[in-house]
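The values are calculated or read from the model by the stated rules, or taken from the named source; none is laboratory data. Bear in mind that the values here come from a model prediction, so they are computed numbers and not experimental data. All Cβ positions, glycine included, derive from the backbone under ideal geometry; neighbour counts span all protein chains shown. Remember, those area values only see protein heavy atoms, side chains included, never the ligands or the DNA or RNA. Shrake-Rupley method; radii C 1.70, N 1.55, O 1.52, S 1.80 Å.
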Amino acid sequence: MSIATIKPQAELPQVESRHADARRYPQGVAYMDGQYLPMSEAKISVLDWGFLHSDATYDTVHVWDGRFFRLDLHMDRFFKGMERLRMKLPYSRGEIEAVLSNCVALSGHKSAYVEMICTRGGSPTFSRDPRESQNRFIAFSVPFGSVANKEQLERGLHVAVSDSVRISPKSVDPTIKNYHWLDLVKGLFDAYDSGAETALILDTNGNVAEGPGFNVFTVKDGKLKTPGFGVLPGITRQSVFDLCGEVGLSAEAADLPREELGNADEVFITSTAGGIMPVTRVDGKPIADGKVGAITRQIKDLYWEKHSDPAWSTAVSYP
Ligand code: PLP
């Protein structure tokens, strides 16, 4: 009997097209296994270790108004991650940059969320030895997305701190951008259950760490602080440090006890997916007067101004 002759069981719901409909994919272009493809056709084997074991590293850079923002820093982090995970690709840094640019140009997006991924892949002999795997490269460009929507960006996000603890840096190096998100997703569900819109979770010492796809900053007496331990060193976080240096604001990476968050004058989160995003409520209580703070606004404005500065951005070559 061939697979094709096996009929779907009548009693099972007819869901065979649930993930196959091209209209359910965002408009965009992917590159994998040597080809550019529409998003709906970019698929990997279920046996890829990236899928089976979260054995992968990735990076996400955004394109704003036709320009990559801080592509060099994202490439540095991606290559460093691959090296630490002992992964190798048959592409140079320049070749990967060209693929990313082509994905954006082919998708036609002027503002895009662009991801590059290296998975462990699999071994042709199904060996369980990761040294025998052929690492896989995937890239894609889809429309720009943000952690916070328009309304949340204007009035500030409502965040809850979950008791969920970020996986120990001794187990998974947080400086390698990774897909170990079960702790972050648990935090999100905890946050939704408490009526908040997103979550922050703790580090292994009980201090505030980071959230699903973002770092966090507090402002107290004009000084900025962001957790220094057990977090991804975000490129947006780095941009905040660089901007603070330019305008003479003090910013440090140090332990951030939970109480300091609620007592801050201002709180904001940072991510490639949305930039600098204000937070005005933590655990149901307003931060200061519950309005978006002046320093948050200043940093946010400077951040977006830098998107047209050639020292911080690179043009995509559209056909
Ligand atoms: N922390 C985590 C766990 C993330 O996944 C991300 C981004 O996806 C960030 C922080 C923010 O990093 P970046 O500013 O480089 O986008």
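Of note:
- The modelled label-to-label distance between Asp221 and Arg86, using points 7 Å beyond Cα along the C-beta direction, is 4.9 nm.
- Size of charge dipole - segment 3-143 - debye, nearest 20, with Cβ of Lys, Arg +1 and Asp, Glu -1, no other charges: 160
- Taking each DSSP H run with n ≥ 4 as -39500 (n - 2.57) and averaging over every residue of the chain yields -7500 deg cm²/dmol at 222 nm.
- A Gaussian network model of the chain, with springs between Cα atoms under 10 Å, assigns the largest mean-square fluctuation among Gly187, Gly122, Gly81 to Gly122.
- Most positive-pole-ward Cα, Ser162, His53, Pro212, against dipole of the chain from beta carbon charges: His53
- Separation between Cα centres of segment 53-87 and segment 206-254, rounded to whole Å: 20
- If you take the Cα centroid of segment 121-171 and the Cα centroid of segment 278-319, the two points sit 22 Å apart.
- Solvent-free Debye scattering, log10 I(q)/I(0), computed from the Cα coordinates of the chain at q = 0.08, 0.10, 0.12 Å⁻¹: -0.41, -0.63, -0.89
- Computed over segment 150-307, Kirkwood Rh from alpha-carbon pairs, angstrom: 15.4
- In loop segments of segment 78-180 as defined by DSSP, there are no GluC sites (Glu not before Pro) with at most 11 further C-beta atoms inside 10 Å of their C-beta.
- Under-5 Å amide H pairs with Arg67, H placed in peptide plane, nonlocal only: Val316
- Near Leu73: Cβ cut-off under 15 Å, other residues only, Lys/Arg at +1 and Asp/Glu at -1. The net charge is +2.
- Potential lengthening between Asn205 and Gln238 on full extension [0.36 nm per residue; Cα-Cα distance subtracted]: 9.6 nm
- Extended-chain gain in nm, criterion 0.36 nm per residue less alpha-carbon gap, Ala311 and Asn149: 55.5 nm
- Simple Cβ-charge dipole of the chain, Lys/Arg +1 and Asp/Glu -1, about Cα centre, in debye nearest 20: 520
- Segment Tyr25..Asp72, full-extension length gain: 14.1 nm, with 0.36 nm per residue of separation and the alpha-carbon distance subtracted.
- Alpha-carbon geometry of segment 3-143: the Rg and the Dmax are 17.2, 54 Å, given in that order.
- The eigenvalues of the Cα gyration tensor, multiplied by 5 and square-rooted, give segment 216-319 an equivalent ellipsoid with semi-axes of 26, 14, 13 Å from largest to smallest.
- Accessible solvent surface per residue of segment 3-143, calculated while the other protein chains remain in place, 1.4 angstrom probe, Å²: 58
- For the chain, the relative contact order comes to 18 percent (Cα pairs under 8 Å, sequence separation of at least 6).
- Fraction of accessible area attributable to carbon and sulfur, the chain (%, probe 1.4 Å): 54
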